[in-house]
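Below is one structure; the comments refer to it alone.
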């Protein structure tokens with residue numbers, strides 16, 4: 001069976017923020033025994049939809065890849081870890097993701113190696129995950145480029161939701177975004193946009209020592225993100 005993925009976003013009340021930080025610092029030890037889990041990263045988040053410097057210490061995320069749908073379903077319905085997050089958090093959102101395409105690596109390997117995309121639906125929502133390890137000498141150029149990309153992103157009518165995430169405050173950055181359609185995501189990424197210009201510079205100047213780009217079909221979700229499920233429609 002083909003792998004599936006999931007993304008989980010939880011906002012904690014202030015009294016539980018230190019515990020959430022400790023859980024992140026513990027890394028993957030509590031996830032090591034989860035059946036069918038092949039890859040997981042606990043991630044901090046930026047403030048609001050920001051992708052640059054700065055962190056929201058009350059909001060934390062997790063991206064995971066599962067051997068198959070059955071493994072994700074078991075985690076989704078019975079995981080003590082997920083129940084604890086929902087109990088302690090003041091807002092949680094979870095989404096199941098069917099991988100459509102992926103290239104690059106995360107920690108030296110691509111966790112999405114066996115894809116079963118099926119028939120593409122150009123009018124259906126898509127989720128996009130981009131992750132990069134930024135070379136130290138290129139940190140200033142990268143973070144100077146972020147404001148123009150963010151400003152253009154917020155003007156895009158096809159954007160449903162976006163959050164900047166990362167494994168460290170600087171240097172290990174990722175973005176998870178939801179789009180009304182694949183065409184909307186492509187327009188932002190590559191068609192004469194500030195983002196396209198930044199992508200070109202990363203290639204020409206070697207900003208990244210590692211990167212992963214993956215596109216997914218979100219097929220199940222629950223909870224809320226900033227007060228609503230962004231996949232539930234207007």
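The values are calculated or read from the model by the stated rules, or taken from the named source; none is laboratory data. Since the structure is predicted, the reported quantities are computational estimates derived from the model, not experimental observations. Cβ sites come from the backbone with ideal geometry, for glycine too, and all protein chains shown count toward neighbours.
Give me the pairs: first residue in segment 24-38 and modelled with pLDDT of 90 or more, second residue in a loop (DSSP other than H, G, I, E, B), beta-carbon distance under 6 Å, and six or more apart or on different chains, which are they? Every condition considered, the pairs that remain are 36/67; 38/67.
If you check residue 48 against the conditions, is it under 19 Å from the mean Cα position of the chain (by Cα) and either part of a loop (DSSP other than H, G, I, E, B) or modelled with pLDDT of 90 or more (or both)? Spell out the reasoning first.
On the way: under 19 Å from the mean Cα position of the chain (by Cα): yes; either part of a loop (DSSP other than H, G, I, E, B) or modelled with pLDDT of 90 or more (or both): yes.
Here the answer is yes, as residue 48 does meet what is asked.
Please work out if residue 185 is within 19 Å of the chain's Cα centre (by Cα) and not in a strand (DSSP E or B). Judged against the criteria, residue 185 is a match. Inspect segment 143-150 for any residue being surrounded by fewer than 14 Cβ atoms within 10 Å (Cβ to Cβ) and touching a residue at least 12 places away in the same chain (Cβ under 8 Å) and give the result as yes or no. Scanning segment 143-150, I find at least one residue that is surrounded by fewer than 14 Cβ atoms within 10 Å (Cβ to Cβ) and touching a residue at least 12 places away in the same chain (Cβ under 8 Å), so the answer is yes.
The residues of segment 157-173 that are in contact with a helix residue (DSSP H, G or I) (Cβ under 9 Å, 6 or more places away or on another chain) and surrounded by fewer than 18 Cβ atoms within 10 Å (Cβ to Cβ), listed by number, are 157, 158, 170, 171.
Report yes if some residue within segment 102-112 is in contact (Cβ under 8 Å) with a residue 60 or more places away in the chain and over 19 Å from the mean Cα position of the chain (by Cα); otherwise report no. Checked against the condition, which is being in contact (Cβ under 8 Å) with a residue 60 or more places away in the chain and over 19 Å from the mean Cα position of the chain (by Cα), segment 102-112 yields no hits at all.
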